[in-house]
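Report on the structure given below.
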Amino acid sequence: MNKIRISLKTILFTCIIFCILSPKPQESDKTCIVYLSRTNNTKAVAEMIQQEVGGDLIPVELQNPYPADYNAIVKQVSEENESGFLPPLKIKLELDKYNTIFLGFPTWGMQLPPPVKSFLNDNNLTGKTVIPFNTHGGYGLGSSLRTIGKLCPNSTILEVFSIKGGIERDGVYLYIKEDRAVEVKSEVKNWLQKIGMLR
Ligand SMILES: Cc1cc2nc3c(=O)[nH]c(=O)nc-3n(C[C@H](O)[C@H](O)[C@H](O)COP(=O)(O)O)c2cc1C
């Protein structure tokens, strides 16, 4: 009986020491999902990623929102791309606690949208893992990935996920819904598996 009591004490003691000494997850082990979305296709993908891997969802918002009219935003974005203007964002994000950053954006004018350039310009992502994802109107990523590479020279950039979303020009806004959302969800899961992000 005494022997059993001693070994129970030993087990308890070992457990306590193990709990004290075992490494705790660091604050910086956290994941966030930063995304720009106008008609919610990229947002739909961001939410699917969050459902699979967790993390904080962070929308990129502008101090001065773009016009609602499609032709007006196309003109403004084209001028911003031409001049290199970086539209100011609503808030400065606190990214220190994150070491994995999913970065979602639509293709605009076959480029990375100016607000996402602003985000990468405002935040130093050195040493962090950046995981791009994208929706587009059928023409792909354009030069977006090259720009991300240039603006995050000291980050580890994992394989992008890119998929067709809406075509606002033709009045197709949120396209990633219902049956299409089921398909996209499965593709998102396969991609997360491939890049080693699934728990
Ligand atoms: C200003 C603007 C420019 C766009 N330029 C392109 C483009 O060059 N190529 C493309 O395939 N789609 C383009 N699109 C379509 C969007 O990439 C597509 O609808 C995307 O799914 C929208 O994502 P969101 O719903 O998250 O805003 C453009 C849309 C807007 C509003």
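Scanning the stretch 90-110 for residues that are β-branched (Val, Ile, Thr), assigned to a loop (DSSP other than H, G, I, E, B) and away from the ligand (no atom under 16 Å from the Cβ) turns up just one, Ile91. In the condition set (1) under 25 Å from Asp29 (Cα atoms); (2) more than 11 Å from the ligand (Cβ to nearest atom), Asn134 is compliant with all but (2). Against the conditions (1) surrounded by 15 or more Cβ atoms within 10 Å (Cβ to Cβ); (2) in a loop (DSSP other than H, G, I, E, B); (3) under 13 Å from the mean Cα position of the chain (by Cα), Glu159 satisfies every one except (1).
Within the stretch 34-83, the set of residues being buried (at least 16 other Cβ atoms within 10 Å of the Cβ), in a loop (DSSP other than H, G, I, E, B) and not basic (Lys, Arg) comprises Leu36, Ser37, Thr39, Asn40, Gly55, Val60, Tyr66.
Here Tyr139, Tyr175 are screened, and the one residue that is buried (at least 16 other Cβ atoms within 10 Å of the Cβ) and part of a loop (DSSP other than H, G, I, E, B) is Tyr175.
Bear in mind these aren't lab numbers, they're just calculated from the coordinates by the rules spelled out. Predicted model only: the values in this text are computed from it and were never measured. Cβ atoms come from the backbone with ideal geometry, glycine included; neighbour counts cover every protein chain shown.
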